[in-house]
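The block underneath contains the structure these notes are about, expressed in structure tokens.
The values are calculated or read from the model by the stated rules, or taken from the named source; none is laboratory data. Quick caveat: nothing in here was measured; it's all calculated off a predicted structure. Note that each Cβ is placed from the backbone with ideal geometry, even for glycine, and that neighbours are counted across all protein chains shown. Ligands, DNA and RNA are excluded from the accessible area calculation, which covers all protein heavy atoms including side chains. Shrake-Rupley method; radii C 1.70, N 1.55, O 1.52, S 1.80 Å.
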Amino acid sequence: MKLKDFAREIGLSPTTVSRALSGYPEVSASTRVRVMEEAARLGYRPNINAVRLATGRAGAIGVVMTKAGDYQFSEFISGMADRLSSEDTDILITPMIGHDPGDELQLYRRLAESRRVDAVVIHSPLPNDPRIALLDRLKLPFIVHGRSVTDVPHAWLDIDNEGAIRQSTEHLLDLGHKHIALLNGREGLTFTLDRLKGYRQALTDRGIPFDPKLVSHGDFTDEIGFRFARSALKQRPQPTAFVAGSMMTALGIYRAARSMNLVIGRDVSVVAHDDVFPYLTAENMVPPLSTTRSSIRAAGKRIADLLLQILAGQQASDIQELWPVELILRETSRPAPEEASV
């Protein structure tokens, strides 16, 4: 069925139908809903190339992949795909080779100049992030997964990282732990600074001095978790609890404790942040892991939806979402050993 035939069938002009299907803001919500419902009923699907030619849109969202094999990235992209699959919108993933920030800026310039994408997602923002200022100058719509204090109005979605780690640390302090180690993400990123702030605030509120030897920064991997936990457990006084930035680093803590004949939940307590991965569930770990919880797949789905709203005319600076994080207690956060809590 051609556009003219479909428009005649539902009693609207081809222009109105085309604009409704493309999400133009000047078409009323009721008309858009009507057109979408009639399209589904009659089995009408617009010619994508024709729509892109008429609207000047590429029909794609761009994402720069800065690290291959990132399990969090793949889950986030799956969430985006869940939302965009019904919108005839593709995801263009551009891999970045190397770690030079200038190379990433050049990738964004290339995406903007090529007009291969309608908008992009920024991951792992810095407090003052040059990518935000660049995309604003390039007039390429974007949203930040995380937060930044960059002096450019922009859309963002983040979880309460400070609150998540503060809750976890306070819970362990309530159980009598005084030597609590933190496995944080890479230094300098906004979310790791927020998490460190939450950790330090919880200690300060209880009058416990901050010990930098109990804090580690790095990628969220099993191996990094293992190495830091094993090193920390050799310190004196020995930490009796860990706050892990991810499920993967928690796996490393489990492995380190076993290698030193320590029992998780008896000798060492652990609370981790859970991004909700289908292949690694906190309740199925042995023992079941206490966690703060927020789905990164749900974040990907919501960010895709917010980008569609921006492309439909929503003011980007009006889109700022901070998601609360839930603390779920299981069997790995127990009272501190008596000799340690004295």
Of the criteria (1) assigned to a helix (DSSP H, G or I); (2) within 29 Å of ALA119 (Cβ to Cβ); (3) open to solvent by 40 Å² or more (accessible area, probe 1.4 Å), which one LEU307 fails: (3)
Looking only at the stretch 233-255, and only at residues there that are out of contact with any strand residue (DSSP E or B) (no Cβ under 7 Å at 6 or more places or on another chain) and within 22 Å of LEU327 (Cα to Cα), the one that is surrounded by the most Cβ atoms within 10 Å (Cβ to Cβ): GLY252
Top-ranked residue in the stretch 28-39 [being surrounded by 14 or more Cβ atoms within 10 Å (Cβ to Cβ) and among the charged types (D, E, K, R); ranked as nearest to ASP118 (Cα to Cα)]: ARG32
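Condition test on ARG334, is it part of a loop (DSSP other than H, G, I, E, B) and in contact with a Pro (Cβ under 6 Å, 6 or more places away or on another chain)? Please lay out each step first, then the result.
Numbers: part of a loop (DSSP other than H, G, I, E, B): yes; in contact with a Pro (Cβ under 6 Å, 6 or more places away or on another chain): no.
Judged against the criteria, ARG334 is not a match.
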Single residue of the stretch 224-272 satisfying the filter (under 24 Å from the mean Cα position of the chain (by Cα) and part of a loop (DSSP other than H, G, I, E, B)) that is nearest to GLY185 (Cα to Cα): GLY245
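I want to confirm something. Restricting to the stretch 186-232 and keeping residues that are among the basic types (Lys, Arg) and open to solvent by 70 Å² or more (accessible area, probe 1.4 Å), which single residue is nearest to LYS67 (Cα to Cα)?
Within the stretch 186-232, the match that is nearest to LYS67 (Cα to Cα) is ARG186.
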Hits in the stretch 95-111 (condition: buried (at least 17 other Cβ atoms within 10 Å of the Cβ) and not aliphatic (A, V, I, L, M)): GLU104, TYR108
The stretch 159-185: number of residues that are open to solvent by 10 Å² or more (accessible area, probe 1.4 Å) and touching a residue at least 60 places away in the same chain (Cβ under 8 Å): 8
Count - residues of the stretch 1-27 that are open to solvent by 30 Å² or more (accessible area, probe 1.4 Å), assigned to a helix (DSSP H, G or I) and either touching a His at 6+ places or on another chain (Cβ under 8 Å) or over 21 Å from ASP118 (Cα atoms) (or both): 8
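Can you tell me which of SER124, SER114, SER86 is hydroxyl-bearing (Ser, Thr, Tyr), open to solvent by 30 Å² or more (accessible area, probe 1.4 Å) and in contact (Cβ under 8 Å) with a residue 24 or more places away in the chain? Even if it seems obvious, please write down each step before you answer.
On the way: SER114 fails: in contact (Cβ under 8 Å) with a residue 24 or more places away in the chain; SER86 fails: in contact (Cβ under 8 Å) with a residue 24 or more places away in the chain.
Matching residue, one of SER124, SER114, SER86: SER124.
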Residue list for the stretch 207-223, restricted to those being within 20 Å of TYR254 (Cβ to Cβ) and either assigned to a loop (DSSP other than H, G, I, E, B) or not polar (S, T, N, Q) (or both): LEU214, VAL215, GLY218, ASP219, PHE220, THR221, ASP222, GLU223
Some residue of the stretch 144-156 being under 15 Å from the mean Cα position of the chain (by Cα) and under 30 Å from TYR44 (Cα atoms): no
Residue pairs meeting the criteria (Cβ under 6 Å; at least 6 apart or on separate chains; first in contact (Cβ under 8 Å) with a residue 24 or more places away in the chain and within 20 Å of ALA202 (Cβ to Cβ), in the stretch 224-249; second among the aromatic types (Phe, Trp, Tyr) and part of a loop (DSSP other than H, G, I, E, B)): GLY245/PHE220; SER246/PHE220; THR249/PHE220
